[in-house]
Each structure stands twice: as structure tokens, then as C-alpha cells.
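The values are calculated or read from the model by the stated rules, or taken from the named source; none is laboratory data. Since we're looking at a predicted model, the values are computed, not measured. Reconstructed Cβ throughout: ideal geometry from the backbone, glycine too, with neighbour counts over all protein chains shown.
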Amino acid sequence: MIEIRDARLDDAPLLAWTVIVALGLDEKLAPQMEPVCAREDTLYSWKRARVAEVDGKVAGCLIAYSGDEYLALRPATWNSFSPFVGDDQADFEPETFPGEFYLDSLAVLPEFRGCNLGRLLLLDGDAKGRSLGFTRVTLIAESDHPRLLDYYGSIGFREFGEMLFFGNWYKRMEKTV
């Protein structure tokens, strides 16, 4: 049985792992990321996440939020995060903008991959954004991963721009009503 629920404070370790994996960083950094996810005033807060469980076992996570919150929450996020990823990352262009519901970080634990959980979490994030009144749901995906771009396309996301993020080029993708 699959259930997707709101994250809880005790899910902070899963959220930390999700962010680290989504950014392609060393998983050993996840414990340092946990305090960022345990706060309520960061982009990666447990307050902005949904968790997938399979038969009562935590299996994956999606962190998503309103682009309206992004600029207000970004300083607290990066001030907490920069000690282990470097200060130079704080100057990149915004990932999302007002009027968008942004699907930020998604990861599924290895033992649950191939079960459509990523797709279910993305669709859940899309539905949540729409339930909040957003007509645009956005995400970014690395430009050099055509299979991932095709995967997002199969869910209805379309490319609408590019951005440099963490030293890599990403496609900005959107799904609109």
C-alpha cells in the first residue's frame, strides 16, 4: 500500500538525504543538512515536504513550495547550508518566481526505485500546487539528462528556459493549466 503524507519534523533525516541526493552531493553530507530541514524558515523545511510510504516504510520525498516564498526563505536556507557547500553557491539566479509552485527536490530510496513513486510524488506535488490556486508548476532538470527531461515531459512538463545552478546547466520546465 502506498501513502503520500505531509512530512513531520522527525522526517528531517529523509529530507536532508533528499536534498543532498537531488543536488548530486556526497550523501555523507546529509547529517549536516538535517538541522536545515528541521527548521520551519528554510526552503527545505519539513513544512514544505511530502513523504511517500510503502507498507508503512518511508520510501521517498518531494520538497515543494510557492515561488512567492522563495526570496524570503532563501537567505536562511543558504546561511545554514553554505558552510558545507561553499558560499559561492548563494549567488545563483532564482530557481523559481512568484506565481509558480516549485517542485524543488525529489528522491526515492534505492530499494523503492522502479515502483513509480517518483511519478506519484510529482503528480501529488502538481495537485498540491493546483489546490493552492497555482496555474504554473515548475521544476528544473539537468540539461545533460535527456531521459530525465523526457520523463518530466511524459508527466506534462515542457521546457521554457535554462539556468546555471551548482555549476551545471538546467532546463526550467513548467506544467500549466
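Within the bounds of region 161-168, is there any residue that is in contact with a strand residue (DSSP E or B) (Cβ under 8 Å, 6 or more places away or on another chain) and polar (S, T, N, Q)? Within region 161-168, one or more residues are in contact with a strand residue (DSSP E or B) (Cβ under 8 Å, 6 or more places away or on another chain) and polar (S, T, N, Q). Report, by residue number, each residue of region 18-55 that is surrounded by fewer than 23 Cβ atoms within 10 Å (Cβ to Cβ), part of a helix (DSSP H, G or I) and in contact with a strand residue (DSSP E or B) (Cβ under 8 Å, 6 or more places away or on another chain). Correct list: VAL21, ALA22.
Check whether at least one residue in region 123-134 is closer than 26 Å to TRP46 by Cβ and in contact with a helix residue (DSSP H, G or I) (Cβ under 7 Å, 6 or more places away or on another chain), and report yes or no. Among the residues of region 123-134, not one is closer than 26 Å to TRP46 by Cβ and in contact with a helix residue (DSSP H, G or I) (Cβ under 7 Å, 6 or more places away or on another chain), which makes the answer no.
Selection over region 104-153 of residues that are over 15 Å from the mean Cα position of the chain (by Cα) and of a type in the set (Lys, Arg) gives a count of 4.
Residue-wise test of (1) in contact with a Phe, Trp or Tyr (Cβ under 9 Å, 6 or more places away or on another chain); (2) in a loop (DSSP other than H, G, I, E, B); (3) surrounded by 14 or more Cβ atoms within 10 Å (Cβ to Cβ); (4) modelled with pLDDT of 95 or more.
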{"residue": "ARG74", "(1), (2), (3), (4)": "no, no, yes, no"}
{"residue": "ASP124", "(1), (2), (3), (4)": "no, no, yes, yes"}
{"residue": "GLY129", "(1), (2), (3), (4)": "yes, no, yes, yes"}
{"residue": "VAL137", "(1), (2), (3), (4)": "yes, no, yes, yes"}
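A search for C-beta distances below 7 Å between a residue of region 142-171 that is at positive phi and any residue that is part of a strand (DSSP E or B) and surrounded by 14 or more Cβ atoms within 10 Å (Cβ to Cβ), counting only pairs 6+ apart in sequence or on different chains, returns GLY156/LYS175; GLY161/ARG172.
ALA141 fulfils the conditions (1) under 23 Å from GLU27 (Cβ atoms); (2) in contact with an Asp or Glu (Cβ under 8 Å, 6 or more places away or on another chain) except for a single criterion, (2). Among the residues of region 156-177, write down those that are at pLDDT 95 or above and not in a strand (DSSP E or B). Within region 156-177, GLY156, PHE157 meet the criteria. Listed by first and then second residue, the pairs with beta-carbon distance under 8 Å, at least 6 apart or on different chains, first residue in region 1-30 and under 17 Å from ARG48 (Cα atoms), second assigned to a helix (DSSP H, G or I) and aromatic (Phe, Trp, Tyr), are ALA7/TRP46; ARG8/TRP46; LEU9/TRP46; ASP11/TRP46; ALA12/TRP46; LEU15/TRP46. Check region 138-156 and report whether any residue there is in contact with a Gly (Cβ under 7 Å, 6 or more places away or on another chain), within 25 Å of TRP46 (Cα to Cα) and among the hydrophobic types (A, V, I, L, M, F, W, C). The answer is no, given that none of the residues of region 138-156 is in contact with a Gly (Cβ under 7 Å, 6 or more places away or on another chain), within 25 Å of TRP46 (Cα to Cα) and among the hydrophobic types (A, V, I, L, M, F, W, C). Within region 67-89, residues that are over 15 Å from ALA16 (Cβ atoms) and of a type in the set (Lys, Arg) reach partners that are surrounded by 15 or more Cβ atoms within 10 Å (Cβ to Cβ) and modelled with pLDDT of 60 or more with beta carbons closer than 8 Å, at six or more positions or on different chains, in the pairs ARG74/LEU43. Tallying residues that are among the small types (Gly, Ala, Ser) and at pLDDT 95 or above within region 25-45 yields 2.
If you go through region 56-71 and pick out every residue that is in contact with a strand residue (DSSP E or B) (Cβ under 8 Å, 6 or more places away or on another chain) and either assigned to a strand (DSSP E or B) or under 14 Å from PRO13 (Cβ atoms) (or both), you end up with 9.
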